[in-house]
Amino acid sequence: MPAQNPPVTDPPLRFLGVHKDFQRGKDRVAALNGLDLELAAGKITGLLGPDGAGKTTLLRLAAGLLRPSSGQVLIFGQDITQQSGEHAPAIGYMPQRFGLYEDLSVQENLDLYSKLQGLDPSQAQQRQRELLQLTALGPFGSRRAGALSGGMKQKLGLACALLRTPQLLLLDEPTVGVDPIARRELWNIILGLRQEGTTVLLSTAYFDEAERCDAIVLLHQGNILQQGRPDHFTTPLQGRTFQVQHPSLRRRFLQESLQQRPGVLDARIIAGGVRVLLAKDVQPPKEQEEIWITAPPAFADAFMDLFASVPASPPAEIAASADAADQIPVNTPSRNTAGTDETEIVIQVQDLCKRFGNFTAVQNSSFAIHKGEIFGLLGGNGAGKTTTFRMLCGLLPPSAGSLLVAGVDMRKASSQARARIGYVAQKFALYGNLSVDQNLRFFAAAYGLQGKLREQRLGKARQDFQLHEYGSVNADDLPLGVKQRLALACALLHNPDILFLDEATSGVDPLTRREFWQRINSLAAQGVTVLVTTHFMDEAEYCDQLVLMSLGAILAQGSPSDLRQLAKTPENLEPSMEEAFIHLIDAHERQIRRAS
Amino acid sequence: MNLRRLGGLVQKEFLQIRRDPSAIGIAFFLPLFLLFLFGYGVSLDAHRVPIAVVVDHPTPQTSAFVGELNQSQYFQPLTLPTIHAAQQAVMNRQADGILWLRADFSRQILQGNTASIGILLNGVDANNARIVSGYLQGAWQNWLEQRALGDAAPLIIPVNAKTRIWFNPAVRSRYYLVPGLIAVIMTLIGALLTALVVAREWERGTMEALMASPVTMLEILLGKLIPYFLMGFGGLLLSVALAVWVFGVPLVGSLWLLLFCSSLFLLVALGMGLLISSVARNQFVAGQIAIIVTFLPAFILSGFIFDIQSMPAPIRLLTHIVAARYYVSILQTLFLAGNIWPIILWNSLALFLMALLFLGITLKRSHKRLD
Amino acid sequence: MPVRIWALVIKEFLAILRDKKSRFVLIGPPLIQLLVFGYAATFDLQHIPYAVYNQDSGFASRELLGYFQGSKAFRLVANLHRDGQIAPMINQEKALLVLQIGPHFTEDLLRHQPAPVQILIDGRNSNTASLALNYVNSVLLRFDQRWARDHHWGSPPAELVIRSWFNPNLLSRWFIVPGIVALLTFVVTLLVTGLSVAREREQGTFDQLLVTPLTPAEILLGKALPGVLIGALEGAFIALVAVFWFRVPFLGSFWALALGMLLFLLAAVGIGLMISSLALTQQQGLLGVFLFLVPAIILSGFATPIANMPELVQDLTYLNPMRYILVIVRGVFLEGDGMANLWSQYWPLALLALLSMVSAAWLFRHRLQ
């Protein structure tokens, strides 16, 4: 039992004054700046921080894949720079991109890594059986790894790293791009490993995951900003976090209003209203009709508290700077009513089907989106949300059914009709070797903007999205957050009525995500209809309406609270969106299995 | 070195090859395609050359000479009434040249003078023009010999040249193109394919996972070397079989020797491929470099088509670092001339040293690290 | 519409020129190929290594050998003294050919008897062998004429007077270098257009383009124009190098060449876009370009005459735009052709351009489904 183990003389991983820099163009860029770190044996340590903080570099150094520029990396007391390869059996490492051979089957991948780890055949067979059971990948043994869903790939990647039960397990963003169900399964595996005494170091972008760790290391610009147990982060915030409710105002508008009040460091939409983090020693800036309830601080609050010094651009700016000359037709929905029924329908989908050969990706989907709404498409990997999305944008023809976007079928739409939509693709598809300015100019011209109007819009975009300082930087070299801003700026140059966002926040750090949602909120407030797909269940709370998809079919639709209500059980009276998601999908899949 | 790990890597590579159509394409389809293209499509042997014949004043003498052309398999005479029409035919590319027997041709001969036979060739394709003029000279000598026999007149050719072309008496260009092509094919499989598959591991992130496992760099390199060596060997056997049985190229030398030398060359090609992939970590760049530094030189600077002796001195010097040069020499010798040891030994030694050099540099350059 | 297309063209240029890799693809390989082809790809033999086994001690054989020594095409590597030395000489590639002069050479000639000379040639590379034989024959011919005149053998009834048009010294560089103008233009244009759509597909920007108001026709034009422009620049550059560096004469009309190039580029761009619309990744695009290029070059008449190919293959070459542009380029450079001479090449090229463009547009729309 790990608890009875005598104190280990050497910690599993120790960084002593580690510097690491990389050559980028002519400059040397520091990724880690004299980092000292010591992991506690048998614990799960979470690595958090904004993009570019040095998380991946740290993990690669620990895995021996990089050599520190100066300083020492010790694995169980052994300097890895001295004897390369020796420590490898003790370490399991899963890179961000799984490291799977996509054209090999699940079983073949496991066989390969068993041999590489030097397991003898009988040992390998038994271990593989255990791992297949643990990851529930047993039935997929002969499927090619490339044909697995994102969550299954992660589980297989993890299984490959676990073949020779490692003493130290390094995981680089193991849950990125994974739906809530697979995420829950992955965490169960990781928690199980802790029981066996394995030390785990993982990087993550999810705050709720951070809270499940035994220790958290917060990285910022190659330095450790803070580290300790999760409660070490949250305790100082006692009394500064509140849950705010308003009887009539929509949560988005409440959030927007709260965000702008003095002393408010952060305001986030959550299941029960808006969560507010106040600065130190500030009285709650309460307004009429609002109900403020003290809430226990969470890690997310601590993170925001530490990084709030970098404020996002106030969304009011966008609305304010929209000058009269190019005002988009605004039909601001009444701020006081929660309903949207009386406004016009902008997107109408009826009995939509899409088949690829024998495979039905989307079946009989119907929904309607109203003007000025933020509409969310939720679902696990392979649920059919991206397919639905692509059909709406006119990138895929439907096999059956009808769909109207702004009154026309996008598939057959004229250029004028297409000029009414904006689109941000997954992974921010921009021209990587064109500069920010060149990208903006190109899309302006592609949308037919000319002359003075174009200059005006370009100027506005640069200002709204804070792109001035990046004008001549290639899009590829931008930090992820700026890339996302640029993609959004390009999609909004022509003031579209409808904005399509496909997984626009995946892989982006929490700060950028918060800023992103502020922009989306203010756009919706101006009457822009926004359609989003997302993996992040907390983001679903920002939407007015949701559609939950699984295996190509719509499971449920309605407002976030409607969906949460559906998952209400005697044991769980206030399910979170994530719990609701898991509950609904589990129920649906069980039903399908019973039917077949 | 651990044999189980190595076995795992080799097995993985074969599974991938089996599932990846582009690897099979490069290893088997491309060789077939190139062999058939060159075997059937390319020929430097001119035959039935269209030549405009203008006879100003037909006589028995002129028809004897023209008859010489008619009988030759090399020419396709096209009789035209005037020199003007013939010039037009050359301009319109209906004829490659003109044979012009002027009005005084027979008179000069009968008077015992030397008549002139006017030949005008389109010199744009210099090589072809030279070949055609050689054929015409042959026809002229035949005509002189026939006359000497028939009239018992003295043959006025002092030197009686007796030519023997060794190794390829019928002068078939296919006999040297097809063996030479094997060098190009081996380069494609060894260098291009190998560079691409290693770059793919970098691109897909699997190299990172490999390096984090206890595998050593030597095992990773051998894990690539062994499968693609076997692939290349398969491509070689296929090419040799096609060369001998489909294209009828004689294999005079020893098959075993051929296989041995080819193995050496394959090692060089694989070494180049691995070296390229240690520099270029994406498939696009690796492909570009492989084509420029291995494929093109194997084509042009190896003596496969163009004679190395005739190149300018700096380029001739450059050909010494083109591995295909040594291999082409071995191939053409083994196929057509036989086991000529000095040639085989020296060229094999060069290949051996190059293999050592490339594989050595690759091993030295490869670290089990990402930076 | 013109504004949008113009924006696409500028974008395309920037995307190609700002990337170090693709800039290199445009400049590096063509330059290397130009120099290597220009200098190395020649069928003109120089320094043919030969050995002599002279059994004759008379002056006639010395005179004959003097002819060989005086020729730049030949390089004497050895004087042999035994029969047994001949085979190793050729086998080991020390000499391409051996001249064996019999013991009674001078004696025979003085008796007005034809004297035999044995010529043994290495046939491993049969093209080199037959070319070398031609060189030998022409040296022998000169010796014969001289000897017959000087020693009163009488004159032969007729002799060949050979003249070559357009390329009097039969330099194969004059043939190859203009061909490279067409060849490299073709390669670069195909690479630029063949990978362009695939690159956008890989980056995900293609979807982004499709949801903008740009029509498929505009996108296609925006892709085609940069290909034509880059091809034209590349072609012009190589043509200048051909004229000023390699000193190949340029006798014909500039406009005849320009028109031919334009039609050729349109056809090449059309083919490139066809490959591009079929390829999902740059990898596939590259493979497609490669698979098309190799036979298109081999079966174009670039290095070996189309007339030597089997009938069926010859018919196939009518579909190859390289076939026509090679005639046009060489015609304009060496034969001084103007537009009037070249209509027979223009119209098939124009037809191919039209066909390939239409199929590219069709495939492009089809692939979007």
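None of the figures in this text is laboratory data; all of them are computed from the coordinates on show. As the structure is a computational prediction, the values presented were derived from the model and not from experiment. Cβ placement follows ideal geometry from the backbone for every residue including glycine, while neighbour counts extend to all protein chains displayed.
Below are the figures for this structure:
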| read-out | value |
| --- | --- |
| Chain A: translational diffusion in µm²/s, Stokes-Einstein, Kirkwood Rh over Cα pairs, 10 °C, 1.306 mPa s | 61 |
| The range A:234-298: Rg to Rh, with Rh as the Kirkwood radius over Cα pairs | 0.93 |
| Lys/Arg +1, Asp/Glu -1 at C-beta; the range C:48-150 dipole; positive extreme among C:VAL139, C:LEU110, C:ILE86 | C:VAL139 |
| Helix axis angle, B:194-204 relative to chain B longest principal axis, alpha carbon, degrees | 40 |
| Charge dipole (debye, nearest 20) of the range B:49-151; +1 at Cβ of Lys and Arg, -1 at Cβ of Asp and Glu | 120 |
| Relative contact order, percent, chain A [alpha-carbon distance under 8 Å, six or more residues apart] | 13 |
| The range B:153-245 - Kirkwood radius from inverse mean 1/r over Cα pairs (Å) | 17.5 |
| Positive minus negative residues near B:GLY248 (Lys, Arg vs Asp, Glu; Cβ under 12 Å) | +2 |
| Percent breakdown of C-alpha pair distances by 5 Å bin, ordered from the shortest bin, for the range C:48-150 | 2, 12, 24, 25, 19, 11, 4, 1 |
| Fraction of alpha-carbon pairs over 27 Å apart in the range A:2-228 - percent | 33 |
| Vicinal HN-Hα couplings computed from phi for the range B:113-121 (Karplus, 6.51 cos²θ - 1.76 cosθ + 1.60; Hz; Gly/Pro x) | 8, 9, 7, 9, 9, x, 10, 10, 10 |
| Set A:LYS20/A:LYS483; C:LYS72/C:LYS94; A:LYS427/A:LYS483; C:LYS11/C:LYS223; A:LYS483/C:LYS223; A:LYS20/B:LYS368 screened for pairs whose C-alpha atoms are more than 20 Å apart | A:LYS20/A:LYS483; A:LYS483/C:LYS223 |
| DSSP bridge orientation in chain A - percent antiparallel, rounded to nearest 5 | 60 |
| Alpha-carbon centroid distance for the pair the range B:1-76 / the range A:246-300, whole angstrom | 79 |
| Relative contact order (percent, whole number), chain B, Cα cutoff 8 Å, 6+ residue spacing | 19 |
| Leading residue at positive end of dipole, the protein assembly as shown (Cβ point charges), from B:TRP100, C:PHE166, A:GLY372 | B:TRP100 |
| Rg and Dmax of the range B:261-371, Cα atoms only, in Å | 15.3, 50 |
| Angle between chain A longest axis and helix A:451-464 axis [Cα atoms, degrees, rounded to 10] | 40 |
| Geometric extent, Cα atoms of the protein assembly as shown - Rg, Dmax (angstrom) | 39.0, 135 |
| Sequence-distant residues sharing a close amide H with B:GLY338 (under 5 Å, placed H) | B:VAL252, B:GLY253 |
| For chain B, diffusion coefficient by Stokes-Einstein and Kirkwood Rh (Cα), 10 °C, 1.306 mPa s, µm²/s | 66 |
| DSSP beta bridge pairing in chain C, given as percent antiparallel to the nearest 5 | 35 |
| Residues A:LYS427, C:LYS223, A:LYS385, sorted so that the one with the fewest Cβ neighbours within 10 Å comes first | A:LYS427, C:LYS223, A:LYS385 |
| Residues whose placed amide H lies under 5 Å from that of C:ARG75, excluding near-sequence neighbours | C:ILE48, C:TYR50 |
| For the range A:299-305, Karplus couplings with θ = phi - 60° (6.51, -1.76, 1.60), whole Hz, Gly/Pro x | 4, 4, 5, 4, 4, 5, 4 |
| Cut-off under 5 Å, modelled amide H: who pairs with A:TYR93 long-range | A:LEU170 |
| Helix A:150-161 axis, angle to chain A major axis (alpha carbon atoms, nearest 10°) | 10 |
| Relative contact order of chain C, pairs being alpha-carbon contacts under 8 Å that are 6 or more residues apart, as % | 18 |
| Which of B:HIS367, C:HIS152, A:HIS494 has the fewest Cβ neighbours within 10 Å, and the rest in rising order | C:HIS152, B:HIS367, A:HIS494 |
| Charge context of A:ARG97, other residues only, Cβ under 11 angstrom, K/R +1, D/E -1 | -3 |
| ³J(HN,Hα) computed for each position of the range C:178-189 - Karplus, 6.51 cos²θ - 1.76 cosθ + 1.60, integer Hz, glycine/proline x | x, x, 5, 3, 5, 4, 5, 4, 5, 4, 5, 4 |
| Net charge over other residues, Cβ less than 12 angstrom from the Cβ of A:HIS583 (K, R count +1; D, E count -1) | -1 |
| Order of C:MET357, B:MET231 - criterion: other Cβ atoms within 10 Å of each residue's Cβ, fewest first | C:MET357, B:MET231 |
